[in-house]
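> Dumping the structure here so I can ask a few things about it.
Throughout, read-outs are computed from the coordinates displayed, never taken from laboratory work. The shown structure was predicted, so the numbers you read here are calculated from the model rather than taken from an experiment.
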Amino acid sequence: MRDPQCWSAHLAQAEALLIAAAASAPDDTAALTCLGGVLCDLAKYGEAAEVLQRAVRLRSDDRNTYFNLGVALLNSGKRRQAMQRFRQAASRRASAATWAAYFDPQAQ
């Protein structure tokens, strides 16, 4: 599992599956949150922000939605907006059905 190409292939597969899931259930905030996390992990931060903002508009209360949106915004150069989303994430619980995007604050 140390092969970066293997990770890239798995992330690409996850992206394709989650795009299909989100297309078949466009109001499923868990699918949108997971898709946003995968897009962040693929460094597709603009796309991730769009997907995650949709989940927020659909009233997601999942910590991972807001955390992942913070990651996407921070990596898009929108620090103030990102910090707001990180604060919102801190006051929520994470859903067991979603996950957080990889984030290394030391790399910022």
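> Using the alpha-carbon centroid of each, what span in Å lies between the range 1-15 and the range 40-108?
21 Å
> Can you show me the helix-derived [θ] at 222 nm for the chain, built from DSSP H runs with n ≥ 4 at -39,500 (n - 2.57) apiece and divided by the number of residues, rounded to the nearest 500.
About -21500 deg cm²/dmol.
> Read through the labelled values (1) 24, 18, 13; (2) 33, 21, 15; (3) 20, 18, 12 and report the label of the one computed as semi-axes √(5λ) of the Cα gyration tensor in Å from the structure.
Identified label for the calculated read-out: (3).
> Follow-up question, since we're still on this one. Quick one: what are the phi-derived ³J(HN,Hα) couplings along the range 38-51, Karplus 6.51/-1.76/1.60 with θ = phi - 60°, whole Hz, x for glycine and proline?
5, 4, 4, 5, 8, 6, 9, 5, x, 5, 4, 4, 4, 5
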